[in-house]
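Quick notes on the structure that follows.
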Amino acid sequence: MFDLWVAFIIGIVEGLTEFLPVSSTGHMILVGHLIGFTGEKAETFEVVIQLGAILAVAIIYWRRVLRLFGMKDREARSKPRRINLLHIALAIVPALGLAFVLRDYVKLLFMPETVVIGLVAGGVFMIIGEKQQPRITANDMDELTYRQALFVGVAQCLSLWPGFSRSGSTIAAGMLAGASRAAAADFTFLIAIPVMCAATGYELLKSFGSMTADDIGFLAVGFIVSFVVALVAVVTFIKLVGKLKLTYFSYYRFALAAVVLIYMYTVGF
């Protein structure tokens, strides 16, 4: 059984980084290698506990989630156009489909070297999204078109590479498609709910037969910690991502990649 302090550390890292375009998976992989938490069960753990953080988003966006299924309120009736389930499907099916096809290969990338590449490449893509944004046609998430949703969905495939960042790739893609930074960020956090539910469900089904009671307890601790930390941080971080330029997060990613490279070639993981 892994020590519970490992579950606490990784859970905190996940809760703090899930809502920032810096790659929560990349951070968990780097921290995991730093503290000796690696292997197949570590990879499963890193996927499953992300659902804990995503549930914090579900709490924030519960009204919007209900509206997707036709449950309207006074605010919904005041606006003539709103996103629907087709928007969500267009934004998540490409990445989920590709992840299913490449499921046996994606986890081979869960290592510090590939995370460094993802941090840099994702940072460059985010700068492009910030610098090359065309005229804004969607100031609010509810003004997104099907075409924009699909563009975000295709770009989300990039996040299968650890370190690239799901939120970073989708926010940058949304901006390149003509959405405001705030609209792209809101849509990114909303579509994260079904994406992580699907990813977590698949991991649990695949690994359930080999799990012991200790493994389940370990997962539960990480899940709860990531949920609690994310619940405290989510409101502040969502507002932060909607206001700050992506370039600031790109600079952080470049700095982190440099630090990891220096560590790798001087100390080694």
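The values are calculated or read from the model by the stated rules, or taken from the named source; none is laboratory data. Every value quoted in this text rests on a predicted model; they were computed, and no experiment measured them. Heads up, the Cβs are rebuilt from the backbone with ideal geometry, glycines too, and the neighbour counts pull from every protein chain shown. These area figures cover heavy atoms from the full protein model, side chains too; ligands, DNA and RNA do not enter into them. Shrake-Rupley method; radii C 1.70, N 1.55, O 1.52, S 1.80 Å.
What order, most packed first, do the peptides 242-248, 86-92 have when packing is the mean number of other Cβ atoms within 10 Å of each residue? Present the calculation step by step, with values, prior to reporting the outcome.
Numbers: 242-248: 15.3, 86-92: 20.6.
Averaged packing, sorted descending, gives the order 86-92, 242-248.
What are the ³J(HN,Hα) couplings of segment 219-227, residue after residue, when phi is run through the Karplus curve with 6.51, -1.76, 1.60 and θ = phi - 60°? Round to Hz, x for glycine and proline.
Couplings: 4, 5, 5, x, 4, 5, 4, 5, 5 Hz.
Quick one: Cα convex hull volume of segment 4-267, Å³ per residue? Walk me through the numbers on the way to the answer.
Working: hull volume 31.6 nm³, N = 264.
Spread over its residues, the Cα hull of segment 4-267 gives 120 Å³ apiece.
Quick one: 3J(HN,Hα) in Hz for segment 143-155, Karplus 6.51/-1.76/1.60 with θ = phi - 60°, rounded, Gly and Pro as x.
Rounded to whole hertz, the list is 9, 5, 8, 5, 4, 5, 4, 5, 4, 4, x, 5, 5.
Percent of accessible area on the chain owned by carbon and sulfur, 1.4 Å probe? Spell out each step's value before the answer.
On the way: 8680 of 12610 Å².
For the chain, the apolar C and S fraction of the accessible surface comes to 69 percent.
Take peptides 21-30, 119-128 and line them up by average Cβ neighbours within 10 Å, highest first, as a rough protection proxy.
21-30, 119-128
Post the alpha-carbon centroid distance, segment 236-253 to segment 98-120, in whole angstrom.
Taking the Cα centre of segment 98-120 as reference, the centre of segment 236-253 is 23 Å away.
Averaging over every viewing direction, what projected area does the convex hull of the Cα atoms of segment 87-200 cover, in nm²?
Taking a quarter of the hull surface, the average projection is 6.4 nm².
Using +1 at the C-beta of Lys and Arg and -1 at the C-beta of Asp and Glu, which of VAL221, THR170, GLY118 has the Cα lying farthest in the positive direction of the dipole of the chain?
Sorting the options by dipole projection puts first THR170.
With only Lys, Arg, Asp and Glu charged, each at its Cβ (+1 for the first two, -1 for the last two), find how big the charge dipole of segment 4-267 is about the Cα centre; round to the nearest 20 debye.
With only Lys, Arg, Asp and Glu charged at Cβ, the dipole is about 1160 debye.
Hey, can you find the accessible area per residue of the chain for me, probe 1.4 Å, expressed in square angstrom?
With the other protein chains kept in place, the chain gives 47 Å² per residue.
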